Amino acid sequence: MLLFNEDVCGDFSAATSREWLETNGLGGYASSTIPGANTRRYHGLLVAALRPPVDRFVLLSKLEETLTVNGRRWDLSTNQYPGSVHPEGFHCLKGFRLDPYPIWTFMVEGVVLEKRLCMVHGENTTVVQYVLHPGDADAELEIRPLLAFRDFHSLGLENGDLDPTVAEAAGLATFRPYASLPPMHLAHDAAATVPTGHWYRGMEYLRELDRGQDWREDLFQPLLLRWHLRGGEMANLVASTEVRQSSRVGEYLREESERRAELLASAPLTESQQSNPLVRSLTLAADQFLVRRGEGWTVVAGYPWFSDWGRDTMIALPGLTLTTGRPEVAKGILLEFSRHVSQGMLPNRFPDLGEEPDYNTVDATLWYFEAVRALVERSGELAWVRAHLWEVLKEIVEWHVRGTRYGICMDADGLLRAGETGTQLTWMDAKVGDWVVTPRQGKAVEIQALWYHALRVMESLAESFGEEAAQKRYGAMAGKARRSFMQQFWNAECDCLYDVVDGDVKDDAIRPNQVLAVSLAHSMLPAGQARRVVGVVERELLTPVGLRSLAPSHPAYRGQYRGGVWERDGAYHQGTVWGWLMGPFLTAYVKVHGTRKARAQAEKWLDGFRLHLSEAGLGQVSEIFDGDPPHRPDGCFAQAWSVGEVLRVAVDVLRPPGVA
């Protein structure tokens, strides 16, 4: 449980810097800040995935709340308008906690009102319950829903096309402001409703201003709901794309609490891991990224704005599914992505509006082999892999040998070449207009590590399946790749690996990519060189919340992630810290040192994430952090591969030596 008192709740800046997230397993979500002041266009109480997990629309932006006690009105909500915060309901907020979903405690005139919110798993449905504490004086509660009804990437302004009609029945109000979108139903047990039809103009989202984006929006308020509450009584709301009943709110809240308790209970964790706050929080966080795509499974790369990305999915998969004891979900993800393999490549991204997938990645497909290997190692699914994935894996290798999109092809030296002018194929993929910030064309170090690893995985699988000829072929290919790698990539001057080799041009920038040549299960490096690589990465790139994407000594280093799109993308992989890289680094560190002392040190390095759980996305791990101290979090406040890799390595580090 994360708990915040008046010191945070009553401080507008501190409270709005902390964001909570509820998800529904479909790609939809509810999210805002502690005081309920939306600071992003992506915030909303019902962000529905109309074609799971994408096609997401902010239907219900927020609820304006007023409590009347002893004839005096108290606004409980908080908003940012031009030049002012109004109302200032955060002054009435005495506590906020995740237990397990968001719970707010308001106090006015000695009267305590508690508010609870969660989403219904498997539905575009958000439930909200207000409870007046037993024994408190009578009070009147007014709720005014604010509607957005727009794509979650955009903003809305007052317009004449909106249909203000409210269709009312007993305990149900239905809104359909625009014919192109489905209606939203608001089930309630209010004593009275009053049609209004007001626009709330000029709502400001300051995180969008920070990002150099449009930041003002108008929201429509169609009606007012009013309850007369006595001590111990409740007010219930259900906002949904389906017709639901407010009488089920208590049931929905209870079922969601039980579902999350079962997630923790069923995770294959030791007693010490079960009691570890970081492991517990991230086990629950992991569930928020696992969503349905049709009849299959996929991974939302990050909240609030990413859809499902192949690279992020495969990197995050072991931590999100295998560490948490959900191999069936892992199999569902691997099977779903196998259906989208094209010319030997996994999709890089599934667009939000459902167009054809993008295939502009070289590493997503190679990470697929590591995800398969991890499944076999943790769950013993050899027979399943042979029945469902083996032919796909062989096809992928053959396409890479003879060549596929974007110049991806095995070179004569056995290494994998990739890239064409104007493309960005590795995970360092920032591009603004025609500017590819880190093109890395040629032979990138982590791509060689992943290619070699994939070949060794294929060699092992072929042996298990009794395919002797394939086993020998993959083994020979891996051996050739290793020999070429050792000849071309060792940077004796810096005692580490070159980042990219392109013919005679060798990039000596110290980046974190080289750590994968150590951390992967099959490594090309001898022990001594592996240890020196880890030492350089530790000295130049390690921070409390991940690895810098470029050493501070490099002239292109950018220590702060600030400004508009050009400035931010220019820093994205030029010094910005990435949380997910702590997974490979700690894996490599323990691998090369292999002592209890090394495990203890690795556990200490995870302390930065324990602190981070309560500073940005609550209970989550952010996408990125500033390269310079104090390493301010930024990007998505909840990132799948950050959570997956930190959780995976935390459990591995906390697992006693010798325990599988």
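The values are calculated or read from the model by the stated rules, or taken from the named source; none is laboratory data. Bear in mind the structure is a predicted one, so any value in this text is a computation, not a measurement. Ideal geometry is used to build each Cβ from the backbone, glycine not excepted, and the neighbour counts take in all protein chains shown. Heads up: the accessible areas ignore ligands, DNA and RNA and are worked out on the full protein's heavy atoms, side chains in. Shrake-Rupley method; radii C 1.70, N 1.55, O 1.52, S 1.80 Å.
A few points about this structure:
- Span from the region 444-474 Cα centroid across to the region 410-425 one, whole angstrom: 19 Å
- Gyration tensor (alpha-carbon) shape descriptor, region 117-157, a/c threshold 1.5: oblate
- Take every pair of alpha-carbon atoms less than 8 Å apart whose residues are at least six positions apart; their mean separation over the length of region 235-296 yields a relative contact order of 20 percent.
- With a threshold of 25 Å on the Cα-Cα distance, the over-threshold entries among 480/506; 331/443; 394/480; 331/394; 62/115; 394/506 are 331/443; 394/506.
- Cleavage-rule hits (GluC sites (Glu not before Pro)) in region 298-403: DSSP loop, at most 14 neighbouring Cβ within 10 angstrom: 355
- Reported to the nearest whole Å, the Cα centre-to-centre distance from region 324-347 to region 478-544 is 29.
- Protection proxy ranking, peptides 99-105, 309-315, 170-176, average beta carbon neighbours within 10 Å, highest first: 309-315, 99-105, 170-176
- Among the chymotrypsin sites (Phe, Trp or Tyr not before Pro) found in region 503-588, not one is both in a DSSP coil and sparsely packed, with 16 or fewer other Cβ atoms within 10 Å of its Cβ.
- Listed residues 490, 278, 583: farthest to the positive end of the dipole of the chain (Cβ charges): 490
- Neighbourhood net charge (15 Å Cβ-Cβ; Lys/Arg +1, Asp/Glu -1) for residue 106: -4
- Sulfur and carbon atoms: percent of accessible area, the chain [1.4 Å]: 49 percent
- Gyration tensor (alpha-carbon) shape descriptor, region 566-660, a/c threshold 1.5: prolate
- Accessible area of the chain divided out per residue, in Å², using a probe of 1.4 angstrom: 36 Å²
- Highest mean packing comes first when the peptides 496-508, 624-636 are listed by Cβ atoms within 10 Å, giving 624-636, 496-508.
- The loop-placed GluC sites (Glu not before Pro) in region 232-276, going by DSSP, that have at most 14 neighbouring Cβ atoms within 10 Å of their Cβ come out as 242.
- Shape of region 492-631, Cα gyration tensor, a/c cut at 1.5: oblate
- The chain - percent relative contact order, Cα under 8 Å, separation 6 or more: 11 percent
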